[in-house]
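Q: Let me give you the structure first, and then I'll get to my questions.
The values are calculated or read from the model by the stated rules, or taken from the named source; none is laboratory data. None of the values given here were measured: they were computed from a predicted structure. Glycine also receives a Cβ, built like all others from the backbone with ideal geometry; neighbour counts cover every protein chain displayed. Note: areas computed on protein heavy atoms with side chains; ligands, DNA, RNA excluded. Shrake-Rupley method; radii C 1.70, N 1.55, O 1.52, S 1.80 Å.
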Amino acid sequence: MIVTPWEVSGKIDYDKLIREFGVEPLTIELLERIRKHAGTLHTQLRRKIFFSHRDLNWILDEYEKGHKFALYTGRGPSGPVHIGHIVPWVFTKHLQDVFKANLFFQLTDDEKFLFRQETNIDDSHHWTYENILDIIAMGFDPKRTVIISDLKNMQRLYEIAIKVAKHMTFSTVKAVFGFQDSSNIGIIFFPAVQSVPAFLPSATSGKSVPCLIPAAIDQDPYWRITRDVAPKLGFPKPAQIHSKFLPGLGKGGKMSASMPETAIFTTDAPEVAERKVMNAFTGGRATVEEQRRLGANPDICPIYSYEYFLFMEDDKEIEQLRRNCMSGHLLCGDCKQMLVQRVKPFLRELQARRERAKDHVDEFLAEKKGLNLPE
Ligand code: TRP
C-alpha cells in the first residue's frame, strides 16, 4: 500500500498506518468522552470511519476546562468535489455544531498549481470557486467559518508562513515528502503554507487556542512537521483526527477525480450517478446461482461502502444489509438500486444547496471578512 498526500493506492491496512505514522487509535474511552459532550456518537465515529488521532485527549481536557478549540480542515481544489471528499466535511460540520467551534477552511489552490504539470492559475481560481460552493452547501455556520484561498489571501498568511518556514529544513521536507533536488522550489516551501491555518486560531485571537484538524490520514505528514514547529513559535501543537478513504466505484483504490467513471461528483446529474452506480464493481459472484449459494463479500464492495460511510445511518439497517449480502439473499442489482434511491435525492438536495450557496459566498471568504472569528 502507498499512502502519501499525492498518492493513495493498494489495499489499505489502517492498523498498519497507525503503527507506521505513530498515531493513536480512537479508543472506546475516548469515544465515550466525545459522546458525553456531543450527546450522541456520530455515525462516522461509531463506524470507525474516523479511526485514529493525535492529542484528542488533550483537546477534550482543555474543552472540559472551558477552553474551546478551533477546527482546521482544507481541500486542494484541483477539480470537482466527489462524495469521498465530503466524508470528512460532514463530520467537521457535526463537530462545529456540537462544540460551537470556529472553522478555518483552507483551499490550497497554490499547492494544486505547483504540483500539477497541466494546471494553469486560472484553472486553480476556477476550482476554488466551484469547490467553495460545495463547502458552503455542507451547511457550515457562516459566523463561525472562514474559507481561505491561499492565492487570494497570501498576504494574510505570509508572516506566519515564513516564521514556520524558518524552522523547516530542506532535508526534513525531502525526507518527509520525498522531494528531490529537481523538485520546483514552490513545493519545497508549500508545507509551511499548509501549517499556517493550524496557528491562526491562536495568532488571530492573541491567546493560546487548541486546534483540531479533521482530515483523511494521507495528510498526516504535514501535521507531523507542523507539530514540530509549533512550540518553537509559541503555539500549541495542533491535534488531529484522521479518516479513512472512500473507495471508488471500480475494483480497489480510493475514489479519485482523475477516474471520473469511478467517482460520483456532487455536480453529477442524478441520472449520471445512477449509471455509474449501476456499472460499478461489487463484491458479488459471477452468477446469480453462485451468489444465492455462496453469498457475496461486502468488505470489497464499493456499493456497501457508500451505504456504510454516508447513506445508511441506521446501524440495524446496515447490519441487515451486510447479512443479506453475505447470505446470498440480496443480489447486487437490487442492492445497487437501493443505493441509487438514496444517491439521487441526496444529489438533488446538495445541488439545490450548492445553487443557493452562490448568494452567500462573501459571508465565508477571508478576503471579505478577514480571519477573525468570534470567541
Ligand atoms: N493538501 C490538501 C489536499 O490536497 C488540502 C488541505 C490543506 C487540507 N489544508 C488541509 C486537507 C487541512 C485537510 C486538512 O487535499
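Q: Considering (1) closer than 22 Å to I86 by Cβ; (2) more than 10 Å from the ligand (Cβ to nearest atom); (3) among the polar types (S, T, N, Q), say which one Q194 fails and leave the rest.
A: If we test Q194 against (1) closer than 22 Å to I86 by Cβ; (2) more than 10 Å from the ligand (Cβ to nearest atom); (3) among the polar types (S, T, N, Q), just (2) comes out false.
Q: May I pose another question? Residues that are surrounded by 14 or more Cβ atoms within 10 Å (Cβ to Cβ) and away from the ligand (no atom under 13 Å from the Cβ): which strands (runs of 3 or more DSSP E) entirely in the range 1-112 hold 1 or more of them?
A: 50-54
Q: Within the range 230-245, can one find any residue that is of a type in the set (S, T, Y), within 15 Å of the ligand (Cβ to nearest atom) and closer than 30 Å to E159 by Cβ? Step through it out loud before you land on a result.
A: If we filter the range 230-245 for residues that are of a type in the set (S, T, Y), which is where we start, we get 243.
Pick out the ones that are also within 15 Å of the ligand (Cβ to nearest atom) and you get 243.
Now drop any that are not closer than 30 Å to E159 by Cβ, which leaves none.
Taking every residue of the range 230-245 in turn, none turns out to be of a type in the set (S, T, Y), within 15 Å of the ligand (Cβ to nearest atom) and closer than 30 Å to E159 by Cβ.
Q: Looking only at the range 172-191, which residues are more than 16 Å from the ligand (Cβ to nearest atom), assigned to a helix (DSSP H, G or I) and free of Cβ contacts under 8 Å to residues at least 24 places away in the same chain?
A: Within the range 172-191, K174, A175, I185 qualify.
Q: Taking only pairs six or more apart or across chains, which ones have beta-carbon atoms under 7 Å, a first residue in the range 111-124 that is modelled with pLDDT of 90 or more, and a second residue that is surrounded by 18 or more Cβ atoms within 10 Å (Cβ to Cβ) and charged (D, E, K, R)?
A: Here the result reads S124/D109; S124/K112, each pair linking the range 111-124 to a residue that is surrounded by 18 or more Cβ atoms within 10 Å (Cβ to Cβ) and charged (D, E, K, R).
Q: Okay, next question. So, in the range 197-218, how many residues would count as being of a type in the set (V, I, T), within 12 Å of the ligand (Cβ to nearest atom) and open to solvent by 10 Å² or more (accessible area, probe 1.4 Å)?
A: 0
Q: If I ask for residues that are of a type in the set (S, T, N, Q) and either in a helix (DSSP H, G or I) or surrounded by 18 or more Cβ atoms within 10 Å (Cβ to Cβ) (or both), which ones from the range 148-171 would you list?
A: To start, the set of residues in the range 148-171 that are of a type in the set (S, T, N, Q) comprises 149, 153, 155, 169, 171.
If the condition is that a residue be of a type in the set (S, T, N, Q) and either in a helix (DSSP H, G or I) or surrounded by 18 or more Cβ atoms within 10 Å (Cβ to Cβ) (or both), then S149, N153, Q155, S171 are the ones that fit.
Q: Would you confirm whether or not the range 205-216 contains a residue that is touching a Cys at 6+ places or on another chain (Cβ under 9 Å), among the polar types (S, T, N, Q) and outside any strand (DSSP E or B)?
A: For the range 205-216, residues touching a Cys at 6+ places or on another chain (Cβ under 9 Å), among the polar types (S, T, N, Q) and outside any strand (DSSP E or B): absent.
Q: Moving to a separate point now. Residue by residue through the range 219-247, note down the ones that are open to solvent by 10 Å² or more (accessible area, probe 1.4 Å) and touching an Asp or Glu at 6+ places or on another chain (Cβ under 9 Å).
A: Those that are open to solvent by 10 Å² or more (accessible area, probe 1.4 Å) and touching an Asp or Glu at 6+ places or on another chain (Cβ under 9 Å): R227, P236, K237, F245.
Q: Taking the condition of being open to solvent by less than 30 Å² (accessible area, probe 1.4 Å) and farther than 12 Å from L339 by Cβ, how many residues in the range 267-280 meet it?
A: 2
Q: Please specify each residue of the range 1-40 satisfying the condition of being among the aromatic types (F, W, Y) and modelled with pLDDT of 95 or more.
A: Y14, F21
Q: Identify, from the list E274, E261, the residue that is at pLDDT below 95 and part of a helix (DSSP H, G or I).
A: Criteria check complete, one pass: E261.
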